[in-house]
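The values are calculated or read from the model by the stated rules, or taken from the named source; none is laboratory data. All values derive from a computational prediction rather than experimental measurement. Methodologically, a virtual Cβ is constructed for each residue, glycine included, from the backbone with ideal geometry; neighbour enumeration extends over all protein chains shown.
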Amino acid sequence: MEKSIENIWKEGFLKNEALVAPQVNNLYTKKSQHLIDRFKRTFDLNIRCIMGASFALLVASYFVGALIAGLLLFLMMSYVAYTAHSELKALEKIDKGENSFSYLQTFKAWIENSIERYGRMYRVVYPGLILIFYFGLWFSNTLSSLRLKVSESSDDLIFGMHLYTTLFILAFALIMSIFSKAIHRKDVQLIYGGIIRKLDDALADMKDLSQEQ
């Protein structure tokens, strides 16, 4: 009796060596590669956007008289971009394995590990960006008249800064550090959510069919 279409489908994408349905096997291989290639393109674009934005801030900081703050922001974001580039290189080394299912499983695990590593890094990056921006802007040439006005009208000062505003910024930076992992995961969902959902759907389909064998 001839094999059913469902059995051919299972054997086609679950085993690279399967000869019963090379077209189906090739289809799932291409689908897997398409998902990862799409993720790589988005990831690479994100790196370019980070570097472009940090360079723009560096140039802007020069014109507002906050070059040191701009340089610190640029260096911090350059480190983020470098880390992202290293993550992308690690993604290139993923072993395609013997079938599309294991390939996508490895890719999914890489995403989760990457999110975890970035979450730890952003515990420092998020508050660092807030504090550098605040102190840099406050001591910039642009706000020199405001600094003078605050120093003349208020006794609640700390190192020339308004005390309660500074405490609010410090508290906000601390909150961002505490919730950095959750915030970063939301960012990932916003940028890569569509790709991740398709990845989960593909893995679920493959798992269901493999269990029916």
Counting only residues that are surrounded by 16 or more Cβ atoms within 10 Å (Cβ to Cβ) and small (Gly, Ala, Ser), which one in the stretch 35-64 is farthest from Arg120 (Cα to Cα)? Ser61
Between residues in the stretch 40-62 that are touching a residue at least 12 places away in the same chain (Cβ under 8 Å) and residues that are not in a helix (DSSP H, G or I), which pairs lie under 9 Å by C-beta distance while being six or more apart or on different chains? Ser61/Ser140
What about Ile111, is it in contact (Cβ under 8 Å) with a residue 24 or more places away in the chain, within 30 Å of Gly70 (Cα to Cα), crowded, with 16+ Cβ neighbours inside 10 Å and of a type in the set (A, V, I, L, M, F, W, C)? no
Given Ser102, Ser78, which one is at pLDDT below 80, small (Gly, Ala, Ser) and in a helix (DSSP H, G or I)? Ser102
Select from the stretch 120-172 the residues that are part of a helix (DSSP H, G or I), of a type in the set (Gly, Ala, Ser) and at pLDDT below 85 and write down the one among them that is nearest to Ala60 (Cα to Cα). Ser144
Residues that are free of Cβ contacts under 8 Å to residues at least 12 places away in the same chain, surrounded by fewer than 12 Cβ atoms within 10 Å (Cβ to Cβ) and under 30 Å from the mean Cα position of the chain (by Cα): does the stretch 154-171 have at least one? yes
